[in-house]
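Here the structure comes first, spelled out in structure tokens, and everything after it is commentary.
The values are calculated or read from the model by the stated rules, or taken from the named source; none is laboratory data. Predicted model, so just to flag it, every value in this text is computed and none were measured. All Cβ positions, glycine included, derive from the backbone under ideal geometry; neighbour counts span all protein chains shown. Side chains are part of the model used for accessible areas, which takes the heavy atoms of the whole protein and leaves out ligands, DNA and RNA. Shrake-Rupley method; radii C 1.70, N 1.55, O 1.52, S 1.80 Å.
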Amino acid sequence: MTQDQAFDILAMGHNVFLTGAAGTGKTYLINRFIRHAREHGIVVAVTASTGIAATHIGGMTIHSWSGMGIRDTLTDEDIDTIVSREYLAKRFAKTNILIIDEISMLSGAFLANLDRLLRSTRFSQEPFGGIQVVLVGDFFQLPPVSRGIDIEFAFENSAWRTFRLAICVLTIQYRQVGEKIGDELYSPEDPLLQILNEIRAGEISEQSHQLLVSRNIPVTTEDHTELFTRNISVDTYNSDRLNQIRDDTFVFEMQSKWAEKLVEALKKWCLAPDTLVLKKWARVMFVKNNFEAGYVNGSIGHVVGRYESLPIVELQDGTRIIADHMDWSIEENGKIKATIVQIPLRLAWAITVHKSQGMTLDTAVMDLSDAFVRGQGYVALSRVRSLEWLVLRWYNTTALQIDSRVRDYDEVLRATSEKVIERLGLITEIEKQEKIELTIKRLGGILQKIDLEFIDPKRPKVSTHEETYAFLQAGKSLEDIAEIRGIKLSTIFSHIEKLKEEGKEIDLTPYLPADSDRIRDIHAAFVEIGTLSLSPVREFLASLHDEDYTYDELRIARLFLSQKDRTNIEAAMLYESEWL
């Protein structure tokens, strides 16, 4: 199936399972579909099974979006607890399209429980409560985490057949072939393509084995990514590389509050280390989304200096970011039960194969000798575009194996996809357009397009705050914009700060926080400290009040600073900078 055929099926409102080999452009197509939905004002939730995978489509994990966490069972009491969180109840009610990427790593039980949750909360017996659901992934890649029990793939659960999925198998590969990178065009004859296809077929030729062995060559670049199958190997390698840098270290200790057990769960989930040790030129990865600051979970760069003790990170595109503290919290009934605060970075000379899923790497050095899950080798090898960009130290037999259940089901998927293509061919272009327009109306959208520039790396990008302004001009409320774009309301306020600086007129009266005493205290802290930075103000407030002030709360309050206070603060900051 081509990308255009799959797009038509998505646009006509079908629940879809979008699959295909690595490099067939699944992420590109999903970004195109997200653009289509947002252009028509449709609320689309963009999620994935892992944090890094979510970054490639600008979303969050499905565990976080759903409020289910990592549980595989869901009781009626659990559903009541989830729905009691007002923001989740509103999220489920407003969402029209739900995208879940890297579906191979989700168990069938999780999807069945998600289906049950959405049917219950949206009072509909349609699959997923009537939300159009798009499942994306490749079962040849990493399977669900088994936790000591037999692995159950999503397609093995009886609920899978009740989702009414149109199967779309993309068949044209782009990453390894036919894609122009710089001035070089890779041909269909690249040996890596044949190796990957043989792994999928379960028949590795002797020639392919010899080609892989031949890639055990010296590494010719310092700035590359090492892939290992186990966390301990990653931690050891990163520590060794850091020790090779002859420079001063700067250390950041994680701070935590409240319930100890919940704090420990947060630490495992957030990926930021308890003790973060950095040096200038350390290779690092961000482990949290902060769209207004210019990075997402998975952004890689190097530490190039410090500003007021905070690390300055230069991303691979040259953007420089001051990495400030961020918090991770667990809330229940609107109250924060546990919080941790840390610089959202970790060392990134090496990562695990699991964390690499969904990435495309320019140069990768791999050690697959300790592979312990079928599919790990396929995922690792498919991260690069050409065999020439691969250094493979070694591999074991497990690395090149694929679960026979996946291979058998792949035949079913391909046959079903062909039938979908046949049925699509029976629809005229006029009928197709009518179905697409009916779907837009059914999903609460508008037929007239909102003028947005598609975020495509090969085209000029519209800034994220300008995208917010386009929605404001179209008459969307701030809450609707946050839902449509899949970002926090506080992020929208940050965009508005930039828009106001550019002279845009926006009425913010309805969004003034209700607690006047609390916002007065925050404003007084900004003035007292003489800064617009969030971290020192948060620390100052914590020293005066026995309450927690979140970064999001401070961002919103900062937006309502009077012009006089803002002018005085900016003057104080300028004086301090010049004096220093």
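For VAL304, the residues whose modelled amide H falls within less than 5 Å of its own, excluding neighbours fewer than 5 places apart on the same chain, are TRP281, ILE312, VAL313, GLU314. For ALA474, the amide hydrogen comes within under 5 Å of no other amide hydrogen, counting only partners 5 or more places away or on other chains and with H modelled in the peptide plane.
Surface listing: MET60, MET12 arranged by accessible area from highest to lowest gives MET60, MET12, probe 1.4 Å. When you filter the GluC sites (Glu not before Pro) in region 198-286 for DSSP loop state and at most 16 other Cβ atoms inside 10 Å of their Cβ, you are left with GLU203, GLU222. Take the chain with all the other protein chains still there, run a 1.4 Å probe, and you get 47 Å² of accessible area per residue. Rolling a 1.4 Å probe across all protein chains gives TRP65 an accessible area of roughly 10 Å². For the chain, averaging the sequence separation of C-alpha pairs within contact (under 8 Å, six or more residues apart) and dividing by the residue count gives a relative contact order of 16 percent. With a Förster radius of 30 Å applied to the beta-carbon distance between ASP515 and ASP72, the computed FRET efficiency rounds to 0.15.
For the chain, the mean residue ellipticity at 222 nm estimated from helices alone is -12000 deg cm²/dmol, where every DSSP H run of n ≥ 4 contributes -39500 (n - 2.57) and the total is divided by all residues, rounded to the nearest 500.
Each residue of region 26-34 was assigned a 3J(HN,Hα) from its phi angle through the Karplus curve 6.51 cos²θ - 1.76 cosθ + 1.60 (θ = phi - 60°); the sequence is 4, 5, 4, 5, 5, 4, 5, 5, 4 Hz, with glycine and proline shown as x.
The H on the amide N of TRP394, modeled in the peptide plane, is under 5 Å from the matching H of LEU368, SER369, each at least 5 residues off or on a different chain.
Our coupling estimate for region 508-523, obtained by passing each phi through the Karplus curve with A = 6.51, B = -1.76, C = 1.60 and θ = phi - 60°, is 10, 3, x, 10, 5, x, 6, 7, 5, 5, 5, 5, 5, 5, 5, 4 Hz, Gly and Pro reported as x. With both residues required to sit in the chain, DSSP beta bridges show an antiparallel share near 55%. Extending 7 Å from Cα along the Cβ direction at VAL412 and again at THR275 yields two label points whose distance is 5.1 nm. Annotation: extensible slack from LYS94 through GLN433 equals 119.6 nm (criterion: 0.36 nm per residue apart, minus Cα-Cα distance). When each of the peptides 397-406, 40-49, 120-129, 26-35 is scored by the mean number of other C-beta atoms lying within 10 Å of its residues, the order from highest to lowest reads 40-49, 26-35, 397-406, 120-129. Stretched out straight at 0.36 nm per residue, the stretch from LYS441 to ALA474 would grow longer than its current Cα-Cα span by 10.2 nm. Extension gain for ARG35-ASP370 works out to 116.5 nm (0.36 nm per residue, less the C-alpha to C-alpha distance). Here the Karplus curve 6.51 cos²θ - 1.76 cosθ + 1.60, taken at θ = phi - 60°, turns the phi angles of region 498-504 into couplings of 5, 5, 5, 4, 8, x, 6 Hz, with x standing for Gly and Pro.
Note on GLU497 and ASP150: the model spin-label points, each 7 Å out from Cα along the C-beta direction, lie 5.4 nm apart.
Averaging Cα coordinates gives a centre for region 398-426 and one for region 475-521; these two points are 46 Å apart. What lysines does LYS355 reach when the alpha-carbon gap must be under 16 Å and sequence neighbours fewer than 8 apart in one chain are set aside? Within reach: LYS268, LYS288. In the chain, what percent of the accessible surface is made up of carbon and sulfur (1.4 Å probe, ligands and nucleic acids excluded)? The C+S portion of the solvent-accessible surface of the chain is 50 percent.
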